[in-house]
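The values are calculated or read from the model by the stated rules, or taken from the named source; none is laboratory data. This one's a predicted model, so the numbers in the text were calculated from it and none came from an experiment. Cβ placement follows ideal geometry from the backbone for every residue including glycine, while neighbour counts extend to all protein chains displayed.
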Amino acid sequence: MRVFITGASGWVGSAVVKELLAAGHHVLGLVRSEAGAKKVAELGAEVLHGTLDDLAVLQQAAAQADGVIHTAFNHDFSKIVASSEQERRAIEAIGGVLEGSQRPFVVTSGVALLAPGRVTSEDDATRPPLASFPRSPETAAFAFAARGVRTAAIRLAPTVHGIGDNGFVPRLVQLARQTGVSAYVDEGRNRWPAVHCLDAAHLYRLALENDAAQGPFHAIAEEGVPVRQIAEAIGRGLNIPVVSLSGDKVAEHFGWFANFAAIDCPSSSPRSRNLLGWQPEQPTLLEDMDKAAYFEAHNR
C-alpha cells in the first residue's frame with residue numbers, strides 16, 4: 001500500500017513509519033521541519049513538507065494514497081482550542097478526499113478522558129468535544145464512516161513509553177528534576193494505562209491492513225500502573241526522595257499538570273487483541289524505567 005502519514009517524525013509517527021516500511025508499504029510522511037525531514041528520509045520514507053494548516057497539500061497526498069494515518073497534533077496545552085480546531089479542519093480535508101473510496105483512514109485519539117475512575121474499553125463511546133478540552137478527532141473522522149471511508153481511531157494510553165518517549169511520565173521526570181522530589185497525589189492509587197511505542201505502532205498497521213471500520217482500537221498493553229509505582233521508579237532512577245502530596249501542594253508542585261497527575265483512567269483492549277490479533281511484546285513501563293538509559297534520554 002501507499003500510505004500517507006501525518007506527524008511522521010514524531011514519537012509515535014516515526015515508529016509507525018518504521019513499522020509500515022518493515023511490512024513492505026510505501027510511506028509518504030508529512031513533516032514541518034528540516035530536522036523532521038531528515039529523520040523521515042533516513043527511515044526510508046518519502047518526505048512531504050507541510051503542516052496541518054496546508055489543507056491543499058493534505059488533500060493531494062490523501063488523494064494519491066491507498067490509506068491514511070493521522071498522528072500529528074500540537075501538544076501545547078496553552079493553545080488547546082486552536083490546536084483542536086486545526087486538527088478538525090485537517091481531518092475533514094483528508095476525509096473529504098477519501099469520501100466514497102472505501103480506503104482506510106486511521107486517526108489518533110486517547111483513553112485518558114473517556115471515563116475516569118473505571119476501566120474503559122473499545123465499547124466506550126467517542127468522547128464528545130468539551131469546552132475545556134475540545135479535541136475530538138474521533139468525532140471528526142467518524143462522520144465519514146457513512147460516506148464511504150473506512151475510518152478508525154487508535155486510542156493511545158497516556159504514556160506511550162520507550163527510551164526517549166514523551167507524554168505523562170516524562171513530565172513527571174521533568175518535575176522531579178526541577179523540584180528534587182518525585183511526587184504522587186494522596187496515596188498514589190490512581191492508575192495510568194501504558195503501551196510501548198513499538199507495540200502501539202504495530203496496532204496502527206494492523207488496523208490499517210485489516211477492517212479499520214470495526215474500530216476504535218485501544219493501544220493498551222497494561223490496564224493501569226499505579227502512579228505511586230511510577231513515582232517510585234523515578235525516585236530510584238534519579239536517586240531522589242519520593243513524596244505524597246495533597247491539598248494545595250498538588251497544584252503548587254504539578255502546576256497545569258495537576259489534574260492529569262491525579263487522574264485515574266485504567267483501560268483495556270479486548271477488541272484490539274481479539275479482532276486484530278494484537279499481542280504486545282515489548283517491555284512494560286516499569287521495565288523501561290528500570291533502565292539507566294531511560295533517564296539518560298530525559299536528562300534535559
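Quick notes on this structure:
- Within region 149-173, the only residue that satisfies the criterion of being at pLDDT 95 or above and on the phi > 0 side of the Ramachandran plot is GLY162.
- Residues in region 266-300 that are under 30 Å from GLN174 (Cα atoms), surrounded by fewer than 13 Cβ atoms within 10 Å (Cβ to Cβ) and modelled with pLDDT of 95 or more: 1 in all.
- Residue check for LEU52: modelled with pLDDT under 95, touching a Phe, Trp or Tyr at 6+ places or on another chain (Cβ under 9 Å) and part of a loop (DSSP other than H, G, I, E, B): no
- In region 32-79, the residues that are touching a residue at least 60 places away in the same chain (Cβ under 8 Å) and either buried (at least 18 other Cβ atoms within 10 Å of the Cβ) or among the basic types (Lys, Arg) (or both): ALA65, GLY67, VAL68, ILE69, HIS70, THR71, ALA72, PHE73
- Scanning region 64-80 for residues that are more than 14 Å from GLY7 (Cβ to Cβ), at pLDDT 85 or above and not in a strand (DSSP E or B) yields a total of 3.
- Here GLN214 meets each of (1) modelled with pLDDT of 95 or more; (2) within 23 Å of THR120 (Cα to Cα); (3) over 17 Å from the mean Cα position of the chain (by Cα) with one exception, condition (1).
- Qualifying residue in region 170-181 (condition: closer than 26 Å to VAL119 by Cβ, outside the structural domain of ALA23 (by TED's automatic domain parsing), surrounded by fewer than 24 Cβ atoms within 10 Å (Cβ to Cβ) and of a type in the set (Gly, Ala, Ser)): no
- ALA146 vs. criteria touching a residue at least 24 places away in the same chain (Cβ under 8 Å), assigned by TED's automatic domain parsing to the domain that holds PHE73, within 29 Å of SER101 (Cα to Cα) and not in a loop (DSSP other than H, G, I, E, B): no
- Looking across region 111-128, the residues that are surrounded by 14 or more Cβ atoms within 10 Å (Cβ to Cβ) and in contact with a helix residue (DSSP H, G or I) (Cβ under 9 Å, 6 or more places away or on another chain) come down to ALA112, SER121, GLU122, THR126, ARG127.
- The strands (runs of 3 or more DSSP E) found wholly in region 207-248 and carrying at least 2 residues that are under 27 Å from GLN178 (Cβ atoms) and not basic (Lys, Arg) occupy 222-226, 242-245.
- Taken over region 54-68, the criterion of being under 20 Å from the mean Cα position of the chain (by Cα) and either within 16 Å of THR139 (Cα to Cα) or not aliphatic (A, V, I, L, M) (or both) is satisfied by GLY67 alone.
- Some residue of region 186-195 being among the basic types (Lys, Arg), over 29 Å from GLY277 (Cβ atoms) and either free of Cβ contacts under 8 Å to residues at least 12 places away in the same chain or in contact with a Ser or Thr (Cβ under 8 Å, 6 or more places away or on another chain) (or both): no
- Boolean, GLU222 is acidic (Asp, Glu), in contact (Cβ under 8 Å) with a residue 40 or more places away in the chain and surrounded by 20 or more Cβ atoms within 10 Å (Cβ to Cβ): yes
- Among the criteria (1) out of contact with any Gly (no Cβ under 8 Å at 6 or more places or on another chain); (2) of a type in the set (A, V, I, L, M); (3) buried (at least 21 other Cβ atoms within 10 Å of the Cβ), the one ALA93 does not fulfil is (3).
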